[in-house]
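S.K.: One structure follows; several queries about it will come next.
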Amino acid sequence: MPLSSWKPTRDLLARDYTIEHRALLTIGMPGAEIRDSAAIRVDASLRRTAAGGFAGVISAIAIGRTGNAGQAPTGLSFPFAVAAPPATLRLLPAFTAGLPAAAASCPSPVPVALNALHDLMIPLPDSLYVGASWTDSVGTVACAGGIEIPMAVGRVYTVTRHADAGSVDSLPLDHVAIRRTSRVTINTHVFRGGDTTFVLGQGTSTLTFLVATQTGDVLAGYGTANLQVTARSATQQEQAAQASTVRLWQRRR
């Protein structure tokens, strides 16, 4: 039996967050290789609903390359509403945006921003203790060349340590650190004119989340992710690799 355990009590208060994803990209094709970088920053306010889901708004999105502040995407009005139904310990539902379909689908950055919100939506067991472990899964969408690429993600969570308020991590709240390891699988095809492109990929990520023991809220998070994708059509084949860093934090009101 664990020496100490914590039973978070959820509340319905809104919290403000910033999420940053920064990626280095390598795209290879016969006789050529392209290197690039990309960064996205999302500012959002989220609260839990009485039914156990999430609701809130995305107040800003900034897109650029690593090393610059980024710019707001054109054609989007802020803030816009987002929501997700209740989660379970097995399947994490997707966020949706209160926008017209054309504004919320590729090549718009909205799908990427909605995916980033999943890092704030950790389904916790009733009791937390150091060594506790559980799993979930989620289906997400990536944008590539204006095409939506579905991804299946299986995730494993482990509580690695506990910290008293003010002791470490520069956080004023009692919290636990939860390590999440994920495995991404892509296996789909895209029709373009009379040709079919097969897209295969796999990736992994390891993120650490600092979660308040009293409310179960994510206070901060950080980690890395890697993804390799191959796109093959009748006439050509391309390979892409992406190495990312992830950072998120709760903003004080």
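The values are calculated or read from the model by the stated rules, or taken from the named source; none is laboratory data. These numbers were taken from a predicted model, which means no experiment stands behind them. Backbone-built Cβ (ideal geometry, glycine too); neighbour counts: all protein chains shown. Accessible surface is based on the protein model in full, side chains and every heavy atom, while ligands, DNA and RNA are left aside. Shrake-Rupley method; radii C 1.70, N 1.55, O 1.52, S 1.80 Å.
S.K.: Please state which one of Gly216, Gly194 is more than 13 Å from the chain's Cα centre (by Cα), more than 19 Å from Ile147 (Cα to Cα) and not acidic (Asp, Glu). Write out each step before concluding.
M.R.: Details: Gly194 fails: more than 19 Å from Ile147 (Cα to Cα).
Exactly one of Gly216, Gly194 is more than 13 Å from the chain's Cα centre (by Cα), more than 19 Å from Ile147 (Cα to Cα) and not acidic (Asp, Glu), namely Gly216.
S.K.: Going through Val190, Val159, Val130 one at a time, which residue ends up being of a type in the set (A, V, I, L, M, F, W, C) and within 28 Å of Arg232 (Cα to Cα)?
M.R.: Going through Val190, Val159, Val130 in turn, the sole match is Val190.
S.K.: Residue by residue through region 218-235, note down the ones that are open to solvent by less than 30 Å² (accessible area, probe 1.4 Å) and of a type in the set (Val, Ile, Thr).
M.R.: The answer is Val218, and nothing else.
S.K.: When the residues of region 28-49 are narrowed to those that are among the aliphatic types (A, V, I, L, M) and out of contact with any Leu (no Cβ under 9 Å at 6 or more places or on another chain), which ends up nearest to Gln239 (Cα to Cα)?
M.R.: Only one residue tops the list, namely Met29.
S.K.: Looking at region 187-201, is at least one residue touching an Asp or Glu at 6+ places or on another chain (Cβ under 8 Å) and modelled with pLDDT of 90 or more? Spell out how you get there, then give the answer.
M.R.: Keep residues of region 187-201 that are touching an Asp or Glu at 6+ places or on another chain (Cβ under 8 Å), which gives none.
There is no residue in region 187-201 that is touching an Asp or Glu at 6+ places or on another chain (Cβ under 8 Å) and modelled with pLDDT of 90 or more.
Residue-by-condition table, conditions (1) of a type in the set (Phe, Trp, Tyr); (2) modelled with pLDDT of 90 or more; (3) more than 16 Å from the chain's Cα centre (by Cα):
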{"residue": "Leu3", "(1), (2), (3)": "no, no, yes"}
{"residue": "Trp6", "(1), (2), (3)": "yes, yes, yes"}
{"residue": "Val42", "(1), (2), (3)": "no, yes, no"}
{"residue": "Ser45", "(1), (2), (3)": "no, yes, no"}
{"residue": "Gly70", "(1), (2), (3)": "no, no, yes"}
{"residue": "Ala81", "(1), (2), (3)": "no, yes, yes"}
{"residue": "Ala103", "(1), (2), (3)": "no, no, yes"}
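S.K.: Which of the residues belonging to region 242-253 are surrounded by fewer than 17 Cβ atoms within 10 Å (Cβ to Cβ) and modelled with pLDDT of 90 or more?
M.R.: Ala243, Thr245, Arg247, Arg251
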